[in-house]
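Okay, structure first, notes after.
Bear in mind these aren't lab numbers, they're just calculated from the coordinates by the rules spelled out. All values reported here derive from a predicted model rather than from experimental measurement. For neighbour counting, all protein chains shown are included, and Cβ atoms are generated from backbone atoms with ideal geometry for every residue, glycine included.
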Amino acid sequence: MRAVMTTGKDAPWEIQEIEKPKPGANQVLLKVHASGICYTDVHQTKGELPIKFPCILGHEPVGEIVELGSGVRSRTLGQRVGVPWVQVGCNSCEWCLRGKNAFCRQAFGTSASMQGGHAEYMVVWADGTMPIPKELSYEEAAPIFCAGYTVWSGLRIAQPQPGDRIAVIGIGGLGHLAVQYAAASGFHTIAVTHSEDKKKLSMELGASEVVSNGKELAECGGADVILACSNSAEQTMDCIKGIRPDGRFMVMGVYKEPFQVNLMDLLFKRARIIGSIQNGPEYLYEALDIAAKGKIKVMTEGFKLDDAVTAYDKVAKGDVRFRAVLTL
Ligand SMILES: [Zn+2]
Ligand SMILES: [Zn+2]
């Protein structure tokens, strides 16, 4: 099969012919139809996150099940499914026993201990897959398995109350979905972006207001929940001044630079900074369901597997509107 190999730190991706994997017990073979490229792929390629080269990246894969390993009862041949970052936990540590396998230190991660999705086929734990609603195409569904899942989880963990104001920093792969999820849930949604064309687009996606930075966010009344979707630590830190008393600042990105906070921006407002990734399959189910009901428009730029290197360069430069997806 053809696969996009990441061969070494900061090395260009390569299309290689490799052996098709075989599913073991309780695993399935997925014929990949689409695989989103997340900015985390860039962090992994640059060695900024723990990674073992060579490897196949991609943690937003979707496709159809073409082979069942022994013992699989929860999935069927031909089923359309996607795969999030955490597939399954070890099933025996404290966090697995508590039903929170996102915290398992031995969890099987897509593009980490398990092969990623930038390939024609991949082996996945059957219970690590999530069926895709029939209303969503593969290309629309893929970005929900990381970007959509992440922002919807962040919003849910922030526990917004009726009447809360939600701000979204950075209108990219994550942010364009975060604005829509917040607006579709009925919240007054404020987009924070300094890009002129994204200001207009944010309003079309459902934002009620658009501001350029933390100062303007504070001036327009601030936000009770801030969903930090930007890759820039500087832009993210600048927006802390826009948090309202008792506000929740949800950090969902990884930054190269240290994350520095002026405590005065938090203390007198009793504000909280909360780290959040993806917080359990319940939120993935909901994120897909809301999209299937037509409330979210996933905006993608499709690339063939052979054009993966071009796609990677565009993602690394922040040139994609809004999610690059390899289609197979
Ligand atoms: Zn991701
Ligand atoms: Zn565990």
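If you count, for each residue, the other Cβ atoms within 10 Å and average over each peptide, how do 175-184, 9-18, 24-33 line up from highest to lowest?
Working: 175-184: 27.0, 9-18: 13.2, 24-33: 20.5.
Ranked from most to least packed, the peptides come out as 175-184, 24-33, 9-18.
Ordered by packing density, taken as the mean number of other Cβ atoms within 10 Å over each peptide's residues, highest first, how do 300-312, 74-86 rank?
Numbers: 300-312: 17.3, 74-86: 19.3.
The peptides rank, most packed first, as 74-86, 300-312.
Excluding residues fewer than 8 places away in the same chain, name every one of the lysines whose C-alpha is closer than 29 Å to that of Lys46.
Straight-distance partners of Lys46: Lys9, Lys20, Lys31, Lys198, Lys256, Lys304, Lys314, Lys317.
Could you pull the Rg and Dmax for the range 280-328, using just the Cα atoms, both in Å?
Here Rg and the maximum Cα pair distance are 13.5, 35 Å.
Between Lys297 and Ser212, what is the FRET efficiency for a Förster distance of 22 Å, r being their Cβ-Cβ separation, to the nearest 0.05?
Details: r = 24 Å, r/R0 = 1.09.
My answer for the efficiency is 0.35.
Per-residue counts of other Cβ atoms within 10 Å, averaged by peptide: what ranking do you get for 191-200, 98-107, highest first?
On the way: 191-200: 17.9, 98-107: 15.1.
Those peptides, ordered most packed to least, come out 191-200, 98-107.
How far apart, in nm, are the 7 Å Cα→Cβ label points at Glu19 and Thr7?
2.1 nm
Please identify which residues in the range 65-107 have an amide N closer than 18 Å to a label point set 7 Å out from the Cα of Arg272, following the Cα→Cβ vector.
From the range 65-107, the list is 103.
Suppose the chain between Leu97 and Lys52 were pulled fully straight at 0.36 nm per residue; how much longer would it get relative to their current alpha carbon spacing?
Working: separation 45, 0.36 × 45 = 16.20 nm, distance 2.83 nm.
Difference between extended and current length: 13.4 nm.
Ordered by residue, what ³J(HN,Hα) values in Hz, to whole numbers, does the range 64-69 give under the Karplus form 6.51 cos²θ - 1.76 cosθ + 1.60, where θ = phi - 60° and Gly and Pro are x?
Running phi through 6.51 cos²θ - 1.76 cosθ + 1.60 with θ = phi - 60° gives 10, 6, 10, 7, 10, x Hz.
With θ set to phi - 60° and the Karplus curve 6.51 cos²θ - 1.76 cosθ + 1.60, what are the ³J(HN,Hα) couplings of the range 166-177 in order, to the nearest whole Hz, using x for Gly and Pro?
For the range 166-177, the Karplus curve yields 10, 10, 10, 9, x, 9, x, x, 7, x, 5, 7 Hz.
If a paramagnetic tag sat 7 Å from the Cα of Lys317 along the Cα-Cβ line, which residues of the range 1-32 would have the backbone N under 17 Å from that point?
Flagged as within label range: 12-13.
Given points 7 Å out from each Cα along the Cα-Cβ axis, report the Ser137 to Lys256 separation in nanometres with one decimal.
For Ser137 paired with Lys256, the spin-label model returns 3.5 nm.
Of Ile190, Ile157, Ile37, which has the largest mean-square fluctuation in a 10 Å C-alpha GNM of the chain?
The residue that fluctuates most here is Ile157.
For Phe322, list long-range residues whose amide hydrogen, built 1.01 Å from N in the peptide plane, is under 5 Å from its own amide hydrogen.
For Phe322, whose amide H was placed from the backbone, the distant partners under 5 Å are Met299, Thr300, Glu301.
If you restrict to DSSP beta bridges whose two residues both lie in the chain, what percentage is antiparallel, to the nearest 5?
Roughly 50 percent of the beta bridges in the chain run antiparallel, per DSSP.
Can you spot the aspartates and glutamates whose alpha carbon is less than 16 Å from Lys295's alpha carbon? Ignore those fewer than 8 places along the same chain.
By straight Cα distance, Lys295 reaches Glu135, Glu140, Glu204, Glu286.
Under a Cβ-only charge scheme (Lys and Arg +1, Asp and Glu -1), can you give me the dipole magnitude of the range 148-275 about the Cα centre, in debye to the nearest 20?
With only Lys, Arg, Asp and Glu charged at Cβ, the dipole is about 300 debye.
Once the dipole of the range 1-77 is set up with Lys and Arg at +1 and Asp and Glu at -1 on Cβ about the Cα centre, which of Val66, His33, Cys55 lies farthest towards its positive end?
With unit charges placed on the Cβ atoms, the residue in question is Val66.
What does the C-alpha gyration tensor say about the overall shape of the range 31-128? Classify as rounded when a/c is under 1.5, otherwise prolate if a/b is larger than b/c, or oblate.
Working: a/c = 2.14, a/b = 1.07, b/c = 2.01.
Oblate is the answer for the range 31-128, as a/c is 1.5 or above yet b/c matches or exceeds a/b.
When we measure straight from the Cα of Lys269, which aspartates and glutamates land under 12 angstrom away, once same-chain ones fewer than 8 places off are left out?
Candidates past the 8-residue exclusion: Asp224, Asp246.
Work out from phi, with θ = phi - 60° and the Karplus expression 6.51 cos²θ - 1.76 cosθ + 1.60, the ³J(HN,Hα) of each residue of the range 235-250, listed in order in whole Hz, and give x for Gly and Pro.
Calculated HN-Hα couplings, in order: 4, 5, 4, 4, 7, 4, 5, x, 7, 8, x, 6, x, 10, 9, 8 Hz.
Starting from the alpha-carbon convex hull of the range 239-328, give the projected area averaged over all orientations, in nm². If you can, show how the numbers build up before the last one.
On the way: hull surface 34.6 nm².
Orientation-averaged projected area of the Cα hull: 8.6 nm².
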